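Just so it is clear, none of the values below were taken in a lab; they were calculated from the coordinates. What you are looking at is a predicted structure, and each value in this text was computed from that prediction instead of being measured. Neighbour counts are summed over all protein chains in view; Cβ atoms, including those assigned to glycine, are modelled from backbone coordinates with ideal geometry.
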Amino acid sequence: MNKELCILIKKAREESNLTQEQASEKLNIAWRTLAYYESGQRKIPDDIAYLMSDVYKAPVIKYIWLKNTRCGKGLPNINSKNLIENIMSLAINLKASENCLQDLMTIGLDGKISAKEKPKYIKIIDTFRLLVKDITLLRFHKNI
């Protein structure tokens, strides 16, 4: 079981001002089962992780859950340092992406990517990937 997720779900429950007993009732599971999930002694089923995210009003649980699956391996990490660094990084990458948009439109004009255009296209996608990461970091910032 992923230790980060276990800590996250316990913290989300506590920040929701729910005891294990109250939360387990809302999740329709035994309080002892919830204790096992929070301690990492049992694997959390998909439906329970999804429900925890909704009950605790913590969408980051869904994100971390997905990140720990094979499908989510490519998602950016969201362990951000601080809000101002996230905002500055977003500003830098947003400016860089503006410049990429014109190039992308030129590349895509004929509906295909030639071998000559491919390196530039890959660089553009990498720039957009950084932009997505910055937006994700802001979306799940710890103060939200």
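Electrostatic tally near ILE64: other residues with Cβ closer than 12 Å to its Cβ, Lys and Arg +1, Asp and Glu -1, net +3.
Distance between the 7 Å Cα→Cβ label points at ILE122 and ASN77: 2.4 nm. Stokes-Einstein diffusion for the chain, with the hydrodynamic radius set to the Kirkwood value over Cα pairs and evaluated at 10 °C in a medium of 1.306 mPa s, equals 90 µm²/s.
With r defined as the distance between the Cβ atoms of ILE113 and MET88 and R0 fixed at 25 Å, what FRET efficiency is calculated, to the nearest 0.05? Could you put the intermediate results ahead of the total?
Numbers: r = 32 Å, r/R0 = 1.27.
The calculated FRET efficiency here is 0.20.
I need the helices of the chain that pass two filters: whole DSSP H segments spanning 15 Å or more by Cα along the axis, and mean Kyte-Doolittle score no lower than 0.0. Taking the DSSP H segments of the chain (at least 15 Å long, mean hydropathy at least 0.0), we get 83-108, 118-139.
What does the highest-first list of 67-77, 96-106, 110-120, 35-45 look like by mean Cβ count within 10 Å? Don't jump to the answer; show the numbers that get you there.
Values: 67-77: 11.7, 96-106: 13.5, 110-120: 10.0, 35-45: 16.3.
Going by the mean number of other Cβ atoms within 10 Å, highest first, we get 35-45, 96-106, 67-77, 110-120.
In the chain, the calculated helix contribution to ellipticity at 222 nm averages -21500 deg cm²/dmol per residue, counting -39,500 (n - 2.57) for every DSSP H run with n ≥ 4.
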